[in-house]
Amino acid sequence: MVDEPTNPLNSEIEALVNPSSIEQSDVLAEVEAVKAAQSPELPLLVASGLNKSFGGIRAIDNAAIEVRKGSITGLVGPNGAGKTTLFNLLLNFIRSDSGRVLFDGEPVHHLPPYRIARMGMVRTFQVARALSRMSVMDNMLLAAQKQTGENFWMTWFKQREIAQEEKQQRQKAMEILESIGLAHMASEYAGALSGGQRKLLEMGRALMTDPKLILLDEPAAGVNPTLINQICDRIQRWNREGLTFLIIEHNMDVIMSLCDRVWVLAEGRNLAAGTPAEIQSNPEVLEAYLGQ
Ligand code: ATP
């Protein structure tokens with residue numbers, strides 16, 4: 001977790017990690033905050049003190065997370081750890097009981113998901129949500145944001161602009177479909193795609209919104225190994241082009257090969273955060289998985 005043995009930050013981080021009186025999640029959040037203070041850029045996403053209960057189940061328990069700009073950050077944990085719930089809280093798909101979320105320096109926990117999407121934070125789902133009886137191209141076009149033609153009156157008064165905008169969106173959609181290897185399926189029903197191709201389509205739809213951060217919920221689940229490699233290649237390429245990712249994934253090979261940093265949740269709480277290698281050798285993380 002600590003970069004250099006001589007770093008004066010070490011003692012500060014050590015002191016934070018050890019005291020027994022502080023909650024583990026507070027400690028992790030503090031450690032990350034101290035490290036972030038060293039970094040020239042503010043994190044793109046920071047959430048802290050998040051709580052969510054469903055009836056008697058405490059799904060998220062004082063959790064924190066941070067995603068640095070330009071990173072591919074992983075979110076892992078045993079089944080039922082609260083990963084998807086945390087995604088839902090970050091995007092306000094579900095309202096948190098308490099806590100705050102800052103995206104790109106702005107508080108977003110009070111905003112509806114569409115406003116958060118317009119600011120540049122979007123997600124994909126564990127089970128891909130393509131509209132099966134629409135074409136792949138139409139699925140892509142539906143995802144584009146702030147289209148003039150969405151306004152009824154504009155369709156009367158700005159017909160030329162709308163036609164031009166549609167042409168540009170179509171071109172952009174085709175370029176994205178080419179980059180995810182689905183251009184040849186553009187006019188097919190989305191229902192004809194395989195599970196893995198649907199996941200790629202979901203990523204394509206997310207890209208149509210010109211995001212800064214994409215939250216991917218299990219991009220490799222149910223996908224054949226060849227397509228997993230293809231999906232990982234695309235994620236790395238988009239990341240090199242400037243996109244930041246937060247990824248929930250059970251496939252540890254994917255996490256290890258893609259992520260700069262990994263956050264571990266267990267029973268709704270932060271269990272650890274660090275590089276993939278640090279997480280892989282963390283005894284508490286191993287125990288949480290084995291004890292499942
Ligand atoms: P998995 O890896 O299996 O997908 P997860 O880490 O994403 O799991 P969540 O789906 O966030 O875990 O679930 C965390 C806990 O919250 C579980 O106990 C789950 O049953 C519960 N939970 C999640 N959503 C709801 C809901 N809408 N109503 C009631 N309980 C819920």
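The values are calculated or read from the model by the stated rules, or taken from the named source; none is laboratory data. In this text the structure is predicted, and so the values were computed from the model without any measurement. Here Cβ is always computed from backbone atoms with ideal geometry, including for glycine, and neighbour counts include all displayed protein chains. Areas reflect the complete protein model, heavy atoms only, side chains present, ligands, DNA and RNA absent. Shrake-Rupley method; radii C 1.70, N 1.55, O 1.52, S 1.80 Å.
Things to note:
- Screening residue 264 against (1) of a type in the set (Val, Ile, Thr); (2) in contact with an Asp or Glu (Cβ under 6 Å, 6 or more places away or on another chain); (3) farther than 30 Å from residue 176 by Cβ leaves a single unmet condition, (2).
- Residue 94 meets each of the listed conditions (1) within 15 Å of the chain's Cα centre (by Cα); (2) part of a loop (DSSP other than H, G, I, E, B); (3) among the hydrophobic types (A, V, I, L, M, F, W, C) apart from (1).
- Of the residues contained in region 65-76, none is found to be open to solvent by less than 40 Å² (accessible area, probe 1.4 Å) and basic (Lys, Arg).
- Put simply, of 49, 82, 77 the only residue that is away from the ligand (no atom under 15 Å from the Cβ) and assigned by TED's automatic domain parsing to the domain that holds residue 275 is 49.
- Counting the residues of region 54-63 that are surrounded by fewer than 22 Cβ atoms within 10 Å (Cβ to Cβ), more than 9 Å from the ligand (Cβ to nearest atom) and assigned to a strand (DSSP E or B) gives 2.
- Enumeration of residues in region 97-108 that are under 16 Å from the mean Cα position of the chain (by Cα) and surrounded by 17 or more Cβ atoms within 10 Å (Cβ to Cβ): 101, 102, 103, 108
- Flag for residue 192 being more than 16 Å from the ligand (Cβ to nearest atom), closer than 17 Å to residue 139 by Cβ and of a type in the set (A, V, I, L, M, F, W, C): yes
- So residue 86, is it hydrophobic (A, V, I, L, M, F, W, C), within 12 Å of the chain's Cα centre (by Cα) and assigned to a strand (DSSP E or B): no
- Of all residues in region 175-207, those being in a helix (DSSP H, G or I) and surrounded by fewer than 15 Cβ atoms within 10 Å (Cβ to Cβ) number 6.
- Restricting region 210-250 to residues that are buried (at least 20 other Cβ atoms within 10 Å of the Cβ) and assigned to a loop (DSSP other than H, G, I, E, B), the residue that is nearest to the ligand (Cβ to nearest atom): 218
- Residue check for residue 25: modelled with pLDDT under 95, over 24 Å from residue 212 (Cβ atoms) and within 16 Å of the ligand (Cβ to nearest atom): yes
- Residue count for region 85-124 satisfying the condition of being of a type in the set (Gly, Ala, Ser) and either assigned by TED's automatic domain parsing to the domain that holds residue 140 or over 20 Å from residue 247 (Cβ atoms) (or both): 4.
- Being under 23 Å from residue 259 (Cβ atoms), more than 13 Å from the ligand (Cβ to nearest atom), open to solvent by less than 10 Å² (accessible area, probe 1.4 Å) and in contact (Cβ under 8 Å) with a residue 40 or more places away in the chain is not true of residue 87.
- Selection status of residue 287, of a type in the set (Asp, Glu), assigned to a helix (DSSP H, G or I) and open to solvent by less than 70 Å² (accessible area, probe 1.4 Å): no
- Contact map, region 268-286: residues that are among the acidic types (Asp, Glu) paired with residues that are surrounded by fewer than 20 Cβ atoms within 10 Å (Cβ to Cβ), Cβ distance under 7 Å, separation 6+ or inter-chain. Pairs shown: 278/1.
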